[in-house]
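The values are calculated or read from the model by the stated rules, or taken from the named source; none is laboratory data. Treat the numbers as computed from the prediction; the structure is a model and nothing was measured. Neighbour counts run over all protein chains shown; Cβ positions are idealised from the backbone, glycine included.
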Amino acid sequence: MNDLIKVAIRNVARNKRRTMITVLTVFLGVVVSIATRGLLDGLQNEIRSNLTRKLHGDLQIHKRGYQDSLESQPYKLLMPSPILDLGVSQAPRLKVMAMLNHQKSQTTTPVMITGIDSRTENEVCPRLADAVQLGSMLDSSREIPPGRAAEEELTAAEGLNAAGSSLAAASKAQGFQQIMLTPSLQRGLGAAIGDELIVLAADKDNMQQAIVVRLVGIVDVAIPGAAARMAWMDLLSLQKALNVEGYASEIAVRIPDDRDVDAEKGRMQALVSQDHIVETWRDLGGFLRDSMAVQDVIFTAIVAIMFAIVIASIVNTSLMTVMERTREIGTLMALGYRRRHILFMFLMESASIGGLGGLSGLLVGVSLVRLFNLNGLLITLPGQAVSTTLYPTVSVPFVILIFALAITAALVAGFVPAYRASHMKPVEALSAT
C-alpha cells in the first residue's frame, strides 16, 4: 500500500497542469463557500443583534394570551412590575394603542405607544440609543410626570389652538413628557424635533385621556417586519396618565452572552406563575426567524450546486487521466497488483487533489473572513436609511465540514474513473497505444 501511495502522489505531481486546474476548481469552491457563509453569518448576527439589542431583548415575559389581545384589550392582561427577581437585567414596558395628533399639520394617525424607562431599557436594549437618527434618546430622568391641569394652562401650550381647548380640559398632560417616533411616522405627521404632539388614549376605565408630549428623537430600528407606526414614551408618565401605575404589558430580559437562551427560558418559566409565558426572540421575531431559515436553505442549495460543479470537473479530468495511463495500469496488473489496489491508487490521487484544494481554500477563505471581521464591512440593509457594519464570522464546525466535503467530493468524482481503471483487462491495457 505504501508503494501505491507514493505512486499516487507522484502522479499528482507529474501532471502539473491538469492537477492545478482540478485543485483550483476545489479551491474556488471552498473559498466561495466559506466567504459566503461568513457574510451570511455576519448578516444574521446583525439581524439578531438588532432584534435583541434594539427592540425585543433576549427574552420577554407576558401574561398568557397577551399577544393575541394586545390591540383589543391592552389592560386585561397587565402584570405587576417588576414581576420578580430573575437575577438578570429587566425592563418593564407598557404597550397601548393610541391616536397621535400633530396640531401644526392638523394630522392624526394611529400608533402603538411603548412606555419605557430609559435606564432599564438601556441595560436590556443598549442599541436602541444608537438607532436615534435625529434628536436624542428619551431620558426618563428629565421626565415630569403628568398631573391634572386647568384648561387655560394647556390652551397656551405651543401648537394648541381653540379647537384643541375642549380636548385639553380632560387632559392629564401638564409637565414635560417626551416621545420618540419612527422615521415613517415622523414624515407622515410632518413633525420636527421639538414639536408638541397630543397622544389620545383610553385609560383602564375606558376614559379618553390626552397627553401633550414633545418630540425628542427619531428612531430607526431598521428591522424588516417591525411596525412602521411605533412610538416610545416614558413608562411612568404613561402609567400615571392611564391609571395603571405599577403595571406593565411585558418584561424584556437580557441574559449574559455566555448563557444559552433556551436554557434561560426554561429556568425562568419555572420561576414565574403558570399564567405567565416566557418567549425567546425566536418566538417573537417569527418573520426574521423564517427569513434566516430561508437564507440557510438557499445557501445550502448554492453549496450543493457548487460542489456538483467541482465533482463534474474532477470526473472529467480523472477520465482523461485514466485514458492516458492505460499502459501503466496494465503494467501494474501484470506485476501482480489487484483491482482493489488500482482502485485505491486512483482514489488516493483524487483525495490528494481534494485535500490540497480544500486546505488551500480553507486558508484563503478563513483569512478573508477574519480580515473583514477585524475591519468590518459597511453595507445598507433592506429597510435601513443608514449603513450598518457587518462583522463576518465562520464557525470551526463549518470549516471542518467544508474541508470534509472537498475531500468527499473529490473521492466521489474519482470513483467512476478509478472503478473503470481497476476493471481493465491487463492484456488490453498493455496493448493500448
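Identify all residues within region 340-377 that are touching a residue at least 12 places away in the same chain (Cβ under 8 Å) and loosely packed, with under 14 Cβ neighbours inside 10 Å; write none if there are none. The answer is 340, 376. So is residue 59 more than 30 Å from residue 358 (Cα to Cα), at pLDDT 80 or above and touching a Phe, Trp or Tyr at 6+ places or on another chain (Cβ under 6 Å) or not? So residue 59 does not fit the description; no. Cβ-Cβ contacts under 6 Å between residues 6 or more apart (or on different chains), taken from a first residue in region 199-210 that is in the same structural domain as residue 99 (by TED's automatic domain parsing) and surrounded by fewer than 16 Cβ atoms within 10 Å (Cβ to Cβ) to a second residue that is of a type in the set (Val, Ile, Thr) and in a loop (DSSP other than H, G, I, E, B), are listed as 204/244. Restricting attention to region 273-309 and to residues that are assigned to a loop (DSSP other than H, G, I, E, B) and small (Gly, Ala, Ser), the residue that is modelled with the highest pLDDT turns out to be 273.
Pairing residues of region 310-322 that are farther than 10 Å from residue 18 by Cα and modelled with pLDDT under 70 with residues that are assigned to a helix (DSSP H, G or I) and among the small types (Gly, Ala, Ser), at Cβ distances under 6 Å and at least 6 apart in sequence or on separate chains, gives 322/421. Against the condition surrounded by fewer than 20 Cβ atoms within 10 Å (Cβ to Cβ), at pLDDT 85 or above and not small (Gly, Ala, Ser), how does residue 15 come out, does it pass? No; evaluated as a whole, the condition is false for this residue.
Table: residues versus (1) surrounded by 12 or more Cβ atoms within 10 Å (Cβ to Cβ); (2) of a type in the set (Asp, Glu); (3) farther than 30 Å from residue 29 by Cα.
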residue	(1), (2), (3)
240	yes, no, yes
250	yes, yes, yes
257	no, yes, yes
300	no, no, no
310	yes, no, no
319	yes, no, no
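Condition check: among the charged types (D, E, K, R) and either closer than 14 Å to residue 201 by Cβ or at pLDDT 90 or above (or both). Does residue 104 satisfy that? So residue 104 fails the test.
Of all residues in region 353-373, which are over 10 Å from residue 23 (Cβ atoms) and polar (S, T, N, Q)? Answer for region 353-373, where residues must be over 10 Å from residue 23 (Cβ atoms) and polar (S, T, N, Q): 367, 373. Exactly one residue among 130, 117, 139 is modelled with pLDDT of 90 or more, surrounded by fewer than 16 Cβ atoms within 10 Å (Cβ to Cβ) and within 30 Å of residue 82 (Cα to Cα), and that residue is 139. Among the residues making up region 176-194, a single one is surrounded by fewer than 21 Cβ atoms within 10 Å (Cβ to Cβ) and hydroxyl-bearing (Ser, Thr, Tyr): 184. Taken across region 259-272, residues that are within 28 Å of residue 401 (Cβ to Cβ), modelled with pLDDT under 90, assigned by TED's automatic domain parsing to the domain that holds residue 117 and part of a loop (DSSP other than H, G, I, E, B) do occur, with at least one present.
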